[in-house]
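Working notes, beginning with the structure itself.
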Amino acid sequence: MAVKELDDKSSAAWDSFVAACPEATFFHRAGWKRVIENSFRHRTYFLYVERDGAIEGVLPLAHVKSALFGNALTSTAFCVCGGPATVSADAREALVEAACQLADRLKVDHLEFRAAQPSGRPGWVAKTDLYVTFRKPIDPDVEKNMLAIPRKQRAMVRKGIKLGLTSAIDADVARLHRLYAESVRNLGTPVFSRAYFANLKQEFGDACEVLTVLHQGRPVSAVLNFYFRDQVLPYYGGGGAPARNLAANDFMYWEVMRRAAERGYRVFDFGRSKRGTGAYDFKRFWGFEPQALPYEYRLRPGAKLPDINPLNPKYRLFIAVWRLLPLALANLLGPPIVRNLG
């Protein structure tokens, strides 16, 4: 057994393993190495265990070091999930040990695994009260999916349909980024660069799709979706000022679900949200039940658990000021900040 680092020659074998490993997710794919390095200029360490020429486990790691937000080694930065994905216990132990040694060498404040299930490793700390995910089966029958939406939320979807909303698949990310940038500015959150979205689309091809909602030919909301195995994962979405009155976001997620059902996908992964936020409530209104994401941390002696999120009171003033910024200025200042959040 040997722990190795991903290179161009091993990318195909890595992705073949990820496609077959039950513990692996879309966020374990090898393409994230190139996306993170090209979009954010962070050093990545994509480790894998090989025995007798076969991969038995993978662990994608990114080193994000910032004067403002600390020094972290994360699996996987900018992603919902991560941590070791393995098919044997000794492969897992080898990867965790290699990650711990790397964390010590880099002198990071913490090593973070964003796994869906806690490992309960001695000395590690789990944060269970912040993030949740929402997942639900998709029925092959489109009308059954419509009827499974709770009545009030279903009425919003039908409102969008009656108002003449339509959806289209975009070949690039231009319309998505304009709408997303406006949406996150209004929430007081720095925006990702358009280049990051373009890198995702280029790297993952057909597994990364942009759906845009139109009203009388004008884009009002859009979402970038990932496809993995039998799952669809709406990941980055937003809407312009008219979206609320048109019920465009409700219609948008319905269109993602409808199209996915017709193409044979069977799981709708509504993604990560923080407890106590509007996004959390919105997903519950759709009939999805939250499932805790117990992220785990190995802390450097004396270090504290990171608390970089909009619910932290220390960021209230920043959020209030950011909401008032002209959109062009927010788009200029946002990417250099958000690249260090991980």
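Look at A243 and say whether it is small (G, A, S) and surrounded by fewer than 17 Cβ atoms within 10 Å (Cβ to Cβ). In short, no. If the condition is being surrounded by fewer than 21 Cβ atoms within 10 Å (Cβ to Cβ) and out of contact with any Gly (no Cβ under 8 Å at 6 or more places or on another chain), then the stretch 57-72 contributes H63, K65, S66, A67, L68, G70, N71.
The residue that is farthest from F282 (Cα to Cα), among those in the stretch 246-264 that are out of contact with any helix residue (DSSP H, G or I) (no Cβ under 7 Å at 6 or more places or on another chain) and buried (at least 21 other Cβ atoms within 10 Å of the Cβ), is A260. One residue stands out in the stretch 65-80 among those that are of a type outside the set (G, A, S) and outside any strand (DSSP E or B): the one that is farthest from Q291 (Cα to Cα), namely L68. Checking the stretch 296-303 against the condition returns a match, with at least one residue being in the same structural domain as H28 (by TED's automatic domain parsing), loosely packed, with under 15 Cβ neighbours inside 10 Å and without any contact (Cβ under 8 Å) to a residue 40 or more places away in the chain.
In summary, W32 fulfils each of the numbered conditions (1) within 28 Å of N340 (Cα to Cα); (2) modelled with pLDDT under 95 with the single exception of condition (2). Evaluation of N145 against the conditions (1) part of a loop (DSSP other than H, G, I, E, B); (2) under 30 Å from Q216 (Cβ atoms) shows that the sole unmet condition is (1).
Conditions (1) more than 25 Å from R272 (Cα to Cα); (2) surrounded by fewer than 18 Cβ atoms within 10 Å (Cβ to Cβ); (3) outside the structural domain of L73 (by TED's automatic domain parsing); (4) at pLDDT 95 or above, marked per residue:
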residue	(1), (2), (3), (4)
A103	yes, no, no, yes
L111	no, no, no, yes
R114	no, no, no, no
Q117	no, yes, no, no
P122	yes, yes, no, no
P137	no, yes, yes, yes
P140	no, yes, yes, yes
M146	no, yes, yes, yes
I149	no, no, yes, yes
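Residues in the stretch 81-94 that are closer than 20 Å to G342 by Cβ and either in a helix (DSSP H, G or I) or in contact with a Leu (Cβ under 6 Å, 6 or more places away or on another chain) (or both): P84 only. Do we have G188 as in contact with a helix residue (DSSP H, G or I) (Cβ under 6 Å, 6 or more places away or on another chain) and under 24 Å from R323 (Cβ atoms) here? Yes.
Out of L214, L176, one residue alone is part of a strand (DSSP E or B) and either in contact (Cβ under 8 Å) with a residue 60 or more places away in the chain or not acidic (D, E) (or both). It is L214. Of the residues screened, D281 is not one that is in the same structural domain as D230 (by TED's automatic domain parsing), under 18 Å from Y131 (Cβ atoms) and touching a residue at least 60 places away in the same chain (Cβ under 8 Å). Here is the figure for the stretch 148-171: residues that are in a helix (DSSP H, G or I) and under 23 Å from G271 (Cβ atoms) total 7. For the stretch 98-133, a residue qualifies if it is in a helix (DSSP H, G or I) and free of Cβ contacts under 8 Å to residues at least 40 places away in the same chain, and the qualifying residues are Q101, D104, R105.
The values are calculated or read from the model by the stated rules, or taken from the named source; none is laboratory data. Predicted model only: the values in this text are computed from it and were never measured. Cβ atoms come from the backbone with ideal geometry, glycine included; neighbour counts cover every protein chain shown.
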